[in-house]
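Taking it in order: structure first as structure tokens, then the write-up.
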Amino acid sequence: TVDRVLHNRGRVAEETRKKVQAVAKEINYKPNLIARSLVINKFRTIAILIPDEKDEYWKQAHAGIRNSVPIWKQQGISTEFHLYAVDSRESFKKAAADLLSKKPDGVVMALNFLEEGKAFSGECKAAKIPVVMFDTSIPGADPLCIIGTDSFLSGMTAAELLHKTAPKKGRFVILHFDEDPENSPHMQEKELGFLTYLGKECPKRRYRVLVLNNARRNYTEQLRELFAGHRISGIFVSTSKTFRAAAFLSREGIKKVRLAGYDLTPENIKMLRSGYIDFLINQDPSRQAGESIDTLCAYLVYGHEPQPRKLFPAGIVTKTNVDSYI
């Protein structure tokens, strides 16, 4: 009788049903979904669509995933990685197509390509595959959950740091390294946040926006032209490639330029310690990726409905406090 009430199957007198439900509520009864899965031999597979580990930022995301996977493996969740090159649309499309052919029970994804990401997200929705996104959100997409930091606020934070520490004379420069901002919503949001702060707090401060993206990853001449033509007092790098700007400042012997950017990669930390990077905004990709796995698995195993957005505060890291973050 209790079984019929709890699982809503079979006929039970209404008075009896109410008694069972009252006791279940009183003792806060919850079904053991893991045991139920084992009884019905229900195992699930989640697919992870993420850039490969050639980039230091994504290495940290992979580490966060590897920390969470063993926990859920014990509860009937297996994982399949579908990796793509961070600078190749064709690589992304191939990995996404392979993923969909496997028909997973859920997807954790991080993307670098806006249009391709929209198309893939739409296919997952049509196939009723729940998706958790991290690092970057797609405008118009409807995932189960988005996990990351607030890119707009982090851009405002970077502007505030430069405004309060950089020389009063001179331009600010926003540098977009190694990616196309038009295809990267998070870069657009960071730039918008930065310019919004300038518009409110220091509207007379002049600025330049420069996209540096070529196959050779050599931007020395472009940066030399920038500094030759303008007096620069502060630089904001919208990606984890802040070390590229720092290395230029170091080679050219340029000082008294405040530099803010993102992420605790080894090259960024080295330049932070040397004094050529002043501030790093820590987006913690390891935590983002691990939380994404946990969120999707909790939904599949326990039926936990996550909140639509989980945004973590981004830490401000300096040479003084970097060891505490490491």
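Miscellaneous remarks
- Looking across region 298-320, just one residue is free of Cβ contacts under 8 Å to residues at least 12 places away in the same chain and open to solvent by less than 70 Å² (accessible area, probe 1.4 Å), and that is A298.
- In region 232-256, the residue that is most open to solvent (accessible area, probe 1.4 Å) out of those that are β-branched (V, I, T) and out of contact with any helix residue (DSSP H, G or I) (no Cβ under 6 Å at 6 or more places or on another chain) is I254.
- Taking the criterion of being closer than 26 Å to K164 by Cβ, modelled with pLDDT of 95 or more and not aliphatic (A, V, I, L, M), the residues of region 254-266 that qualify are R258, G261, Y262, D263, T265.
- Top-ranked residue of region 49-88 - restricted to ones that are of a type in the set (V, I, T) and under 27 Å from F243 (Cβ atoms), ranked as modelled with the lowest pLDDT: V86
- Any hit, region 72-80, residues being within 15 Å of L296 (Cα to Cα), outside any loop (DSSP other than H, G, I, E, B) and free of Cβ contacts under 8 Å to residues at least 24 places away in the same chain: yes
- Residues that are among the β-branched types (V, I, T) and either surrounded by fewer than 18 Cβ atoms within 10 Å (Cβ to Cβ) or free of Cβ contacts under 8 Å to residues at least 24 places away in the same chain (or both), drawn from region 85-108: none
- Close contacts from region 1-17, counting a first residue that is assigned to a loop (DSSP other than H, G, I, E, B) and a second that is polar (S, T, N, Q), with Cβ to Cβ under 8 Å and a gap of 6+ residues or different chains, come to T1/T16; V12/T1.
- Any pair with Cβ under 9 angstrom, 6 or more apart, that starts in region 41-67 at a residue that is more than 19 Å from D98 (Cβ to Cβ) and ends at one that is in a strand (DSSP E or B) and open to solvent by 10 Å² or more (accessible area, probe 1.4 Å): F43/S78
- Restricting region 182-204 to residues that are modelled with pLDDT under 90 and surrounded by 19 or more Cβ atoms within 10 Å (Cβ to Cβ), the residue that is nearest to Y262 (Cα to Cα) is H186.
- When region 248-271 is filtered for residues that are in contact with an Asp or Glu (Cβ under 8 Å, 6 or more places away or on another chain) and in a helix (DSSP H, G or I), the ones remaining, listed by number, are P266, E267.
- Selection within region 311-326 - among the basic types (K, R) and at pLDDT below 95: none
- Number of the condition not met by V2 [criteria: (1) at pLDDT 90 or above; (2) aliphatic (A, V, I, L, M); (3) surrounded by 12 or more Cβ atoms within 10 Å (Cβ to Cβ); (4) out of contact with any Cys (no Cβ under 9 Å at 6 or more places or on another chain)]: (1)
- Residues satisfying the stated conditions in region 113-137, i.e. surrounded by 21 or more Cβ atoms within 10 Å (Cβ to Cβ) and under 12 Å from the mean Cα position of the chain (by Cα): V132, M133, F134, D135
- G229 of a type in the set (G, A, S), open to solvent by 20 Å² or more (accessible area, probe 1.4 Å) and farther than 30 Å from P51 by Cα: yes
- Qualifying residue in region 95-108 (condition: in contact with a Phe, Trp or Tyr (Cβ under 7 Å, 6 or more places away or on another chain) and farther than 20 Å from I146 by Cα): yes
The values are calculated or read from the model by the stated rules, or taken from the named source; none is laboratory data. Bear in mind that the values here come from a model prediction, so they are computed numbers and not experimental data. Methodologically, a virtual Cβ is constructed for each residue, glycine included, from the backbone with ideal geometry; neighbour enumeration extends over all protein chains shown. To get the accessible areas, we keep the full protein, side chains included, count just its heavy atoms, and leave off ligands, DNA and RNA. Shrake-Rupley method; radii C 1.70, N 1.55, O 1.52, S 1.80 Å.
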